[in-house]
Structure formats: structure tokens, C-alpha cells
Amino acid sequence: MGAPSPTDVDLHERLRRQEVIAELSQQALSRTDLDGLYRDATAAVAETLDTDYCVVLERVPDGNEGVCRAGVGCTAGAVGNATDVLNRDSRSAESHSAEGPVVVDDLCADERTSVPTSLTDLDLVSGISVPIGSGDEPWGILETYTTDQRVFTEFDTDFVGRVAGVLASAVENERAHAEREEVFGRISDAFFALDEEWRFTYFNDRAHELINPEGRELIGTEIWAAFPEASERAFKSEYERAMAEQETVTFEEYYPDPLDAWFEVRAYPSATGLSVYFRDVTERRAHERTLEESERRYRALAQHFPNGAVGVYDRDLEYTLTEGTMLGEVLPSADRLEGSRMPDVFPDETVTDLEPLFRAAVEDGETGSTETAFGGRNWRVWATPLRDGNGDIFAGLSFTQDVTEQVDRENHLERYETIVEVVNDGVYVVDEDGRFTMVNETYAKMLGYAPDELVGTDASAVVDDTVARKIRELEIATADTDVEWPSVEAELRTADGGTLPVEGTFAMLPEDDSRWHRVGIVRDISERKARERRLEESERRYRTLVENFPEGAVGLFDEDLAYTAVGGQLLDEVGVAAEDRVGSSIDEIHPDGLVEEIEPYFHAALDGEANSFEVERYGRHLYAHTLPVRNGDDEIFAGMVVVQDVTERREYQRKLEESNERLEQFAYAASHDLQEPLRMVTSYLTLLENRYGDAFDEDGREFLAYAVDGADRMRDMIDGLLEYSRVETQGDPFEPTDLNAVFENVREDLQIQLEESGAEITVEDLPRVEGDASQLRQVLQNLLSNAITYSGDEPPRVHVGADRRGDEWVISVRDEGIGIDPANQDRVFTIFDRLHSREEYEGTGIGLALSERIVERHGVRPNSVRANSTDERRESVGGEIWVDSEPGEGATFSFTLPASQERE
């Protein structure tokens, strides 16, 4: 066709045509007014190509004709009414059957085409026809013609083709929409016809149902008379416009009472009247309004989502949309999020929290929530699946909200609730009418109720009128002031009719909630009252005791080491008046040398340490003990010194120790001196047996055996007595000792006995103690050996354990043997005393007595001893050993040892 190259087309014209296509495409996307789109398309093509004629023809189904839907250069009334025959003799048919544009240089000279005389009076010459839609039966055609000869370029045909493509897309969208609405159309479509005088000429049944339910005779009646409200609304103006412009109109309008309904109307004009199709869309409009309001709310919520953000993400966890007030502040910005995968934006620890939640929504259809931390804030994140019309998941929706303050409040609230519920005090709240609105478990329990029994009850059920009146007076007196309420002591009535002494404090609550008018905290002071009574009685007793403290004196001193109270018989005996000591410090009373010696103990008492020491004063030997004095809150507020005159006791102890030393020396000498004659007896008995054994008859040999056995037992008893006498004098110094190691040595010593008896020994983890390892080994060996020996007929089963008791450990050895009668339990610790004959069980009867003396040596040491003294025994508290047993039930031997002073 000799078309010029696209490069010859002016760039400005190319851009303008691009804008036309874009504008028409935007209209097509709105899918609201196809007739308007057809009109705008024909006008745009005619103006852009400077043609005289342009129409959109819609193919009539199952026919060869096309109805003119819009046009430029058409005859009056052609649009919506006139048709053009689509046959092989017309240019429309050629275009209709072709897959692409048909360009006609000269309409009159082209045998394939004919002039559309039913549509226009113009003498058309050159033009372009393009099918609208694809396939064998496209929807229609778009054609444009000039009245003069013109050569159209490929750029021109491309432009018309692209406009036709826009129309085809719009038609297809409308067709899809129409198919969806077809079911509703079958049910709700109504129809009536009007003549040129606006009188009804036809009314179908559905129309009667919708706008004439009362069954009036409307044929021949003017529409404005039958429906006067229609003339005041869009019905009249739109119908008149349709008739005036002879173009189809589509609109929606509301008709008030008595119809009170919205209608969707499509009016088709003709030369003789108007055909009106309509349907009741009241429910749809209401639904649309609801959807619009909901959409506005949700859009506003998303855009202004409080303290957080809303996001949509796909199956790859890539954000496709984000909105929210926190974006770009604490959270990443929308630009950073959209197009990015969640794991690529947030730190690993946040991803660990969120990824399972997000995937559960898009993969499993689960809705859930979790909490995570990001940017120094706490966040609550919800995720839920988004589904299409078929119920298939196509994306996930996430809501993220900053809950830092909420978490803090919840934590505080949990703490407060925990405090209210676990606090030892009763807590209650009353409303303005004096009824309980909340009580905690403690308050209810102290009165003998369950909490729900008190809630809703008037407070007068537990408070008498006097207390209630006092509380009201305090409430009035402290109103509108910052004065704190004083505590009130009262007696509350309990569920069983008794009374309970309490101390209460109160506070008024903000007036924004009448249910929470006043809060009270009540403490049960029955023990305090009883303690006060006991304290008063005790104070009287102790004052009497202090003032009459026998053979000594008692004093309280403050942080300046000045006495605040003193008393005792010693003061009278040495001629010192108690009132002369009160208010005086120790350096004002005692000589410098004595002050230097005792002052550290006084300071230590104020630091919480108790000490014992001995001094010489007033020509007497005094034993003193300093200790801290604490108040009810366990706070040290003073020190106490207790002094006893032990002059006579020390003299007695000195003489007793000298006597014990002499007795020990005697026992040692006696046992040692008895060894020599015993060895001689044993030697001669052995010699007699070896030389003359064959000369003895049976009785003689038996007598000789008794003599040898007696000598052996005598030797064992002497050895035991010697060992018993050396416990104090031959023992090693005490030091930290691991009892686990000691027990392992004992187990090795008794290995043969253990194997022969088949004993089962279990042992707990044993502690470190202060002691003589060698002597403790002897104690454990004696007890374990006895447990095996006295096991009875069954294999021995022995358990060794330890329990802490203050500054000492209690070690126990438990067996399941024959047991000991309670009446004989003291005898087992008596030296050489036996409960069984030697034929039943072997032994000397000294093992447990020796163990008792070793344990007594291992008594708990005090914090300090007499000044300048190395005699530890004088102030020791002897250790204890005892047995718990019943015949046939086994026995448990227990003994105490001082805990190691090493720091653990």
C-alpha cells in the first residue's frame, strides 16, 4: 500500500496515540459504562486519524447483522437501532471473518465491500476495519472511514487494532461479569415499555412484583402520574436523556416509600418509545455499602494500624503489600519490606519466631500468633491465610503490633496479682455501697470464708458498727487531701462466730469506677497480740532474772559500747551499783588492759557474731559470752554480755582434770603392767600344751583350752582398756577430714568379712568434718563390723548416710539385723558389757564404748575460747552417739560430728 516507514511518523503523534490507548484502557478497567467506552473509542479514533466516520458494530448472535453500538458520522437514530449486514459483499463481513485489520483504499472500487447506507449518509471512500475479539465469531468490528481518498499507514492500522483490542478486553470482562450475574438476572429482571408520551404500553409480571405489588392497572397511564417520586429523581432525567440522545442509558436510583428500594435500570430508546429493563438491587446496594464501609474501615485500619503494621505475603514469604504507622520507625519501611522476603529483612532470632507462623498460614491454612522481639521492642504477630473464591490459599496476611507496654503491664499485673494472692496480708476492695467487690484468698481464709462467699456481701457482715463508723470518719476527714490514712486496729467477725484481731490500712481509689471505691489491706495480728502479751510477761520475767541473775551479771550495750541496762547478783557481790554502769562505756569502767582484751568481742557482737571468752576481774575468774540482740525484723540493734563467776567451777575443773590425768595414768600403767604377767601365763600355757598335750586326757585338754582362751580374752581386754585410756591423750589434732575417703579405708579393712558374709553396703555422699581421721576410721569400722556381725540369718544389708543439723553432721549406720531391745540400748555403750554370750557372737564388749568416747571427743567447738587458753576441751560440747532399734527390726547407730570450717 506504499505506507511510509514508522520512522516517518512524528514522535509527538506517536506519544499522543499512546496516551489515547492508555486512557481507553483505564476506562476499560473500570468496567462501569461500556456504551460510554464505545462512544469515547469511536470519537478518539475519528479525531486521532482525522476520519469522518467511525462505528462499533456488535454482532447479533446467530445472525449476519451487526447492531451499531456507537458511532461518529452516523445518521440520527442509528446508534442502538440501525444494523449493518455482515455478509461477504460488505467490508464489515471481510473484517469480521479476517484475523487482522482490513484496509480499503477505495470503497466504491473494491468489489468486496459495500457502503453502509443504513448507518450513514456520507460518501465513504477509504477506511480500516478491525475485528473486536478473536476466534471464528468475534464480538464485533471497529471501522473508520474518510470521505476522501487516503492511504493509511501500518502505524494507523496498528492504532485502530490496539483500540479494538481494548474494546475486546472490556467486552470480555463484561461478558464474564454478565455470566456471573446471569442467575440473578433470570430471577430479578423486570421490564416495561413506554410510548413517546411516557405512557405504559407493557408491564411484565416481574415488574408488577417489584413496583406494582398492589396490582394497579397501569397500561395507558403516564409513568410520572403512577410514580410521582420518579420525576424528582434520576429516573425522569435519564429517560428523557435516552430519548433525546437516542442512546442507551444505564443507571441506579432509589425510589422512596412505598417501594423503598434501589433499582438498576437499563433503558433502550427508539423512535416510538422506551424499553426499560430493571431489577431490584436493594440488597446488593446494602451489601455494597456494607462492603464499602468495611473496606474503608479496613483500609483505614491498615494505613493507621495502631502501634504496628499489616502485611500481605506470598508462599515464598515475600511481602507484596505493607501498611501501618510503625513502618519506617521501629519496623523497616514499606519500601524495604515490599518485594523482599521476610527472612531477608529481619534478624535470625526474629525469623526463628516468625517463619513457622507464616508458613503455617500459607501452607497449612492455620491461623496463629506468637511474640517476638525486634528493635528493642516486644511484638505480637498474627498470621492467617488469604483465600480466593474457590477457597484456595493464595497469600498470607500478617498483623504486627507493638505490645511492649502491654507486656510490661502484664508483667507488672502478674506480679501485682501474685503479690495480692500470695501476700500474707488480706486484701479487699469495696464499692461505694460498702459491698465487697474483690477479696484475696488470704482475707477470705483468715475469716473462714471462700472468696466468692464474701464478694457481693456488705462489709458489715464482718465489721461491727464502731469500726465502720471510724472508717467513715477517716474517709471524710481525709477526702480531697493527701493525708495518708492511719492504720486501724479492730476485731473482725469470723464465719464461726468468733473474732479475729487485725490491723488495717486503707486507701481511696480513683472515682472513675464505682465498683472500686476503697481498698483495704488487713493483717492478722492475733499472733502479734499474743506475742505482745508474752513479751510483756517475758519482759517482767527477764527483768526479774537480770536483776537477780545468779552468780553473774547481764548487760545490754549500744553501738558506742555504752551500757543501756545491767543487773545481776555479781554486781551486789563486788559492790557495784547497776545505775552507776548504765550510760557508761566499757573504756570508762574497765582498766585499759582489760578493755583492749574484750573490746573486739563487743564490736563483733554488734556485727552479728557471738563469742565466748574468760577474764580476770575483781579477783575472780569470769566466763563471758557476747552476742547480738535483734529486733522483730532480725536487725541488730544492741549487744549483750552475759558474765558468770566461774572461779569455783574452774578450780573444780582443775582438780577434776588432775584426777582424770591420774586415772588415765593409772589405767595406762595398770594395763601396761598387766601385760608382762599375762604374757608369762600365755607362754607357759603354750609350753604346757606343746610338751605335755598328749599326756592330758580329754578333760585335761578341755581345761587347757579354756585357760588359753581366757588368756587371749584377757589380752584383748587389756589392749582395749589401754586404747580406751588413750583416746584423749594419744589422739591426733582435728583437721578437715573427708569421710568418703575414711569409709573407703574401712571398706578395705573389712573386705574379707564383707566377702564372706555376702554383705550389701550402700553409702550416700558423706561430708567433710572436723576430726581425727584415724579415730573416725575406728568408729566407722566398729559400727560397720557390728552391723555385719549381728545381721542374723540373712546376708547383711547396711546403709550409711549423713544429714546436716546446724553446725554439725549426723552420720548414721543402718542395718536390717537382729535389733536391740530398747531396755538394753544404754548397756551397749558400757565398757565390757555384752548382751550376748561369746558362744553366740564373738567380741570384747569395748568397741561401742570406745566409739562413744571418740565421738564425745569430737564435740562441736564454740566460736572462741577463753582468752590466752589452749584448752579446747573445757568449752567443747561433747558429741553424741545413740541407737534406734527394735528386736528383729534392725538397728540404726547415729553419731554427731562437727562440720568442717572450710569454705565450700
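The values are calculated or read from the model by the stated rules, or taken from the named source; none is laboratory data. Keep in mind the model is a prediction, meaning the values are calculated, not measured. Ideal geometry is used to build each Cβ from the backbone, glycine not excepted, and the neighbour counts take in all protein chains shown. Accessible surface areas use protein heavy atoms only, side chains included; no ligands, DNA or RNA. Shrake-Rupley method; radii C 1.70, N 1.55, O 1.52, S 1.80 Å.
Given the conditions (1) modelled with pLDDT of 90 or more; (2) surrounded by 12 or more Cβ atoms within 10 Å (Cβ to Cβ), and given that S188 satisfies all but one, which numbered condition is not satisfied?
(1)
Looking at this structure, is R726 open to solvent by 60 Å² or more (accessible area, probe 1.4 Å), of a type in the set (D, E, K, R) and at pLDDT below 90?
yes
Is it true that S340 is of a type outside the set (D, E) and over 22 Å from A360 (Cβ atoms)?
The answer is no for S340.
Which residue is modelled with the highest pLDDT, if the candidates are limited to the range 593-650 and must be open to solvent by 50 Å² or more (accessible area, probe 1.4 Å) and of a type in the set (V, I, T)?
Per the stated criteria, the residue is I636.
Quick check on E196: is it open to solvent by 70 Å² or more (accessible area, probe 1.4 Å), assigned by the TED database to the domain that holds A271 and touching a residue at least 60 places away in the same chain (Cβ under 8 Å)?
Answer is yes for this residue.
Looking at E245, E283, can you tell me which residue is surrounded by fewer than 17 Cβ atoms within 10 Å (Cβ to Cβ) and over 59 Å from the mean Cα position of the chain (by Cα)?
Matching residue, one of E245, E283: E245.
Which one of the conditions (1) at pLDDT below 90; (2) within 30 Å of V45 (Cβ to Cβ); (3) surrounded by 14 or more Cβ atoms within 10 Å (Cβ to Cβ) does E179 fail to meet, given that it meets all the rest?
All conditions are met except number (3).
Quick check, is A373 in a strand (DSSP E or B) and closer than 20 Å to D314 by Cα?
No.
Kindly indicate which of Y202, Y268 is crowded, with 17+ Cβ neighbours inside 10 Å and not in a helix (DSSP H, G or I).
Y268
List the pairs whose first member sits in the range 804-818 and is under 19 Å from D765 (Cβ atoms), whose second member is of a type in the set (F, W, Y), and whose Cβ atoms are under 6 Å apart, counting only residues at least 6 apart or on separate chains?
Every condition considered, the pairs that remain are I811/F895; V813/F893.
Taking the condition among the small types (G, A, S) and on the phi < 0 side of the Ramachandran plot, does G368 pass?
yes
Among (1) open to solvent by 70 Å² or more (accessible area, probe 1.4 Å); (2) at pLDDT below 90, which single condition is E217 missing?
(2)
Quick one: in the range 334-356, which of the residues that are over 16 Å from R377 (Cα atoms) and in a loop (DSSP other than H, G, I, E, B) is least open to solvent (accessible area, probe 1.4 Å)?
Top of the filtered list is S340.
Assuming D105 fulfils every condition listed in (1) under 30 Å from G273 (Cβ atoms); (2) at pLDDT 80 or above apart from one, which condition is it?
(1)
Checking E252 against (1) assigned to a loop (DSSP other than H, G, I, E, B); (2) in contact (Cβ under 8 Å) with a residue 12 or more places away in the chain; (3) more than 20 Å from R199 (Cβ to Cβ), which test does it fail?
The single condition E252 does not satisfy is (1).
Here is a list: D425, D408, D392. Which entry is modelled with pLDDT of 70 or more, over 17 Å from the mean Cα position of the chain (by Cα) and over 29 Å from G365 (Cβ atoms)?
Going through D425, D408, D392 in turn, just one is modelled with pLDDT of 70 or more, over 17 Å from the mean Cα position of the chain (by Cα) and over 29 Å from G365 (Cβ atoms): D425.
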